[in-house]
Amino acid sequence: MTPFPIFSGPLTNAFQASLPFSMSGENTVFDWSIVVANTVTPPGTAASLEWYPEFTSGDPNAAATLWYRETAEEDLGNGNVRMPKTVRRFTEEGSDVPLAEGTHRLDTQFVRRHNFGRLQLRTAVGSADTCSAAVLCVIGGAPLSAP
C-alpha cells in the first residue's frame, strides 16, 4: 500500500484539519516528519505540536459531515470516570519538554471502529515559521465519496 499524504505544511496556533483518510480493517498508521526551527521567544524554547484524531462513518468529503473527536478515560475511582476531549502532544523522551530544534520522524498507530478519520494539528508554542509537519497515512488511504 502506498502511503497517502494527509498533511504537509507550516503549523499555526489554530487547529488545522488534515485531509480525511479511510481506515483499513479498523487500523491506521501515521508517519510524521516534523521540522522545528528554534526561533521561538525566548530563545531556546522549542515548538510544541498538538494534535487529535476525529472520526466519522459519514461521507468524509462532504462539508456537512459530522466529525467525532476522540476522548480519554481517566478513572478517578469509585465509579468516577472523567472523559476529557483528547489533545495529544509530541514531547522529548521521558519529559514534558516540547520537541527540540531539528527534524523528528515519528510513527503513531491506531485501531478504531469508524470508517474514516482526519487529524487536527497546531503548534501551541511558536508560529508557522517555527514548526512544520508532513503526515503520511501508511495504512488506509484516500476516501471515496459514496455515489
**OP:** Pairs only if they're at least six apart or on different chains, beta carbon under 7 angstrom, first in the range 90-102 and closer than 14 Å to Ala133 by Cα, second among the polar types (S, T, N, Q) and in a loop (DSSP other than H, G, I, E, B); list them, first residue then second.
**Re:** Glu101/Asn38
Original post:
So which residues in the range 16-28 are surrounded by 15 or more Cβ atoms within 10 Å (Cβ to Cβ) and farther than 9 Å from Gly140 by Cα, if there are any at all?
Top reply: Gln16, Ser18, Leu19, Pro20
**OP:** For residues that are touching a Ser or Thr at 6+ places or on another chain (Cβ under 7 Å) and of a type outside the set (A, V, I, L, M, F, W, C), scanning just the range 72-102, find the one that is nearest to Leu136 (Cα to Cα).
**Re:** Arg89
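Return a yes/no flag: does the range 125-134 have any residue that is more than 21 Å from Ala17 (Cα to Cα) and hydroxyl-bearing (Ser, Thr, Tyr). Give the derivation first.
Here is the first cut: in the range 125-134, the ones more than 21 Å from Ala17 (Cα to Cα) are none.
No: the range 125-134 contains no residue that is more than 21 Å from Ala17 (Cα to Cα) and hydroxyl-bearing (Ser, Thr, Tyr).
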**OP:** Filter the range 92-115 for residues that are among the hydroxyl-bearing types (Ser, Thr, Tyr) and at pLDDT below 85 and give the result.
**Re:** Ser95
Original post:
Taking strands (runs of 3 or more DSSP E) that fall entirely within the range 66-147, which contain at least 1 residues that are within 17 Å of the chain's Cα centre (by Cα)?
Top reply: 102-111, 116-125, 131-139
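Is it fair to say Asp59 is over 28 Å from Cys131 (Cα atoms), of a type in the set (Asp, Glu), at pLDDT below 95 and part of a loop (DSSP other than H, G, I, E, B)?
On the way: over 28 Å from Cys131 (Cα atoms): yes; of a type in the set (Asp, Glu): yes; at pLDDT below 95: yes; part of a loop (DSSP other than H, G, I, E, B): yes.
Yes; evaluated as a whole, the condition is true for this residue.
The values are calculated or read from the model by the stated rules, or taken from the named source; none is laboratory data. Just so it is clear, the structure is predicted and the values come from calculations on it, not from any experiment. Quick reminder, even Gly has a Cβ in these numbers, built from the backbone with ideal geometry, and neighbours come from all protein chains shown.
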